[in-house]
Amino acid sequence: MSQRLLVLGSTGSIGDNVLDVVARNPQACIIHGLTAHHNIEKLYQQCLKFRPALAIVSEPHHAIELQANLQAAGLNTEVQCGTQALCAAACAIDCDTVVAAIVGAAGLPPTLSAAQAGKKILLANKEALVMSGALFMETAANSGATILPVDSEHNAIFQCLHGAQRAPGEVERLILTASGGPFRNRPLQTLDQVSPDEACAHPNWSMGRKISVDSATMMNKGLELIEARWLFDIPAEHIEALIHPQSIIHSMVVYRDQSVLAQLGTPDMRTPIAHALAYPTRIASGVEPLDLAKVAKLTFEEPDLARFPCLALALEVIREGGGMGIVLNAANEVAVEAFLARRIRFTNIAWIIDEVLQKTPGIAVTSFDEVMEVDEQSRRSTYEAVQRLGRSTHYFAS
């Protein structure tokens, strides 16, 4: 029987790839619902193609506009709006599988609703675990929810762990690979002149602007290390990052006997998406076959923490534990938004995050309400830091 999908964030890069894989495998999936923030025109086109029962947007005026356009096109798609609508749809009985692809903290509430309802969750929203790791995984375990990772690194680890007995100590290390982004070899003294467009020009992957900046700072890898700690229940000291510029090996698992299992493939998000959609079987992804002879060589290097201070900050947060991941994520989201708006320099991102972390005492959260409170407080502190820096630092005009 086809699974009924709700795609949270269908107009983003992950959403695009999900719908591409679904179109190639119509027997495996039915699109029940699609959601978008502000990209109403793209959501309209997706609705025309996949004819979902439900579409959800952020703002009421967009919902009215979209509903009118869909009715004019002869579609019976119901249009709703707001976070409550997202949460209700994620736990509704007429939805089997939820693709959690909303970027940032905004994706936590509906993803949590899906976990509470025991859904199959294709997790591309790493922030859900960065912010609420233990709480989220406990919720999923109690409800019987199935969490299948869609991030290429975590999906690779999931595949390498498949079939393992996982006796205590059997897995020695998880190694998450990273491309190093567009500035791996750029002179350090020029990084303060990086423009948003340069930061978003990833050498291997096509992603949204926020995630592309996170890749350029390697904060993305830091968040993924935190996510892996909770997703696979592995102590933080047994998880590491390794720069692999070709992005062919997506991650590795080192076992007690020193066997190293790696998952390889052409850098294309449709591979992990197809794996998660069809698990435990396999379906066509549309990805180009990997030609190792053409790739010719695979190289690796340790990350330079002086070049990537955001990764260093994430490693500190992993070691400290508690609720500091909430602070890290909130500060990063606000700082990246300010950089993309040209209010601060690229090198200011790490500086601002560090300031907010330093001013925040160790935090322990015991509920999701507390998670959201810490998130809100951290954002306020970061906005203040951005404003102070913006008054004292002249951003280049180009």
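Structure values in brief
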| quantity | calculated |
| --- | --- |
| Where ARG319 falls short, out of the listed (1) out of contact with any Leu (no Cβ under 8 Å at 6 or more places or on another chain); (2) crowded, with 17+ Cβ neighbours inside 10 Å | (2) |
| Residue list for the range 132-149, filter: closer than 19 Å to ILE226 by Cβ and assigned to a helix (DSSP H, G or I) | SER132, GLY133, ALA134, LEU135, PHE136, MET137, GLU138, THR139, ALA140, ALA141 |
| Any hit, the range 231-242, residues being part of a helix (DSSP H, G or I) and under 25 Å from ILE102 (Cβ atoms) | yes |
| Of all residues in the range 325-343 being more than 15 Å from SER381 (Cβ to Cβ) and touching a residue at least 12 places away in the same chain (Cβ under 8 Å), the one that is surrounded by the fewest Cβ atoms within 10 Å (Cβ to Cβ) | ARG342 |
| Failed criterion for GLN45 (all others in (1) out of contact with any helix residue (DSSP H, G or I) (no Cβ under 7 Å at 6 or more places or on another chain); (2) within 22 Å of ALA278 (Cα to Cα); (3) assigned to a helix (DSSP H, G or I); (4) not hydrophobic (A, V, I, L, M, F, W, C) hold) | (2) |
| Count of residues meeting criterion [in contact with a strand residue (DSSP E or B) (Cβ under 6 Å, 6 or more places away or on another chain), over 22 Å from ALA85 (Cα atoms) and part of a helix (DSSP H, G or I)] in the range 1-28 | 1 |
| Among the residues listed as GLU59, GLU138, GLU78, the single one being within 17 Å of CYS47 (Cα to Cα) and either of a type in the set (A, V, I, L, M, F, W, C) or surrounded by fewer than 22 Cβ atoms within 10 Å (Cβ to Cβ) (or both) | GLU78 |
| Answer residue from the range 155-203, given it is polar (S, T, N, Q) and surrounded by fewer than 18 Cβ atoms within 10 Å (Cβ to Cβ) and is nearest to VAL103 (Cα to Cα) among those | SER195 |
| Selection from the range 243-257 of residues that are out of contact with any Lys or Arg (no Cβ under 9 Å at 6 or more places or on another chain), hydrophobic (A, V, I, L, M, F, W, C) and within 17 Å of ALA228 (Cα to Cα) | ILE249 |
| Failed condition for ALA28, given (1) modelled with pLDDT of 95 or more; (2) buried (at least 18 other Cβ atoms within 10 Å of the Cβ) | (1) |
| Unmet criterion (only one of (1) modelled with pLDDT under 95; (2) buried (at least 19 other Cβ atoms within 10 Å of the Cβ)) for ASP94 | (2) |
| Filter result for the condition that a residue is farther than 23 Å from MET324 by Cβ, touching a Leu at 6+ places or on another chain (Cβ under 9 Å) and surrounded by 24 or more Cβ atoms within 10 Å (Cβ to Cβ), over VAL150, VAL130 | VAL150 |
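Okay, residues lined up against (1) outside the structural domain of THR217 (by TED's automatic domain parsing); (2) without any contact (Cβ under 8 Å) to a residue 12 or more places away in the chain; (3) buried (at least 21 other Cβ atoms within 10 Å of the Cβ):
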{"position": "HIS244", "(1), (2), (3)": "no, no, yes"}
{"position": "ILE248", "(1), (2), (3)": "no, no, no"}
{"position": "ARG256", "(1), (2), (3)": "no, no, no"}
{"position": "LEU261", "(1), (2), (3)": "no, no, no"}
{"position": "THR266", "(1), (2), (3)": "no, no, no"}
{"position": "THR271", "(1), (2), (3)": "no, no, yes"}
{"position": "ARG282", "(1), (2), (3)": "no, yes, no"}
{"position": "LEU290", "(1), (2), (3)": "no, no, no"}
{"position": "ALA293", "(1), (2), (3)": "no, yes, no"}
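The values are calculated or read from the model by the stated rules, or taken from the named source; none is laboratory data. Predicted, not measured: the structure shown is a model, and the values here were computed from it. Cβ sites come from the backbone with ideal geometry, for glycine too, and all protein chains shown count toward neighbours.
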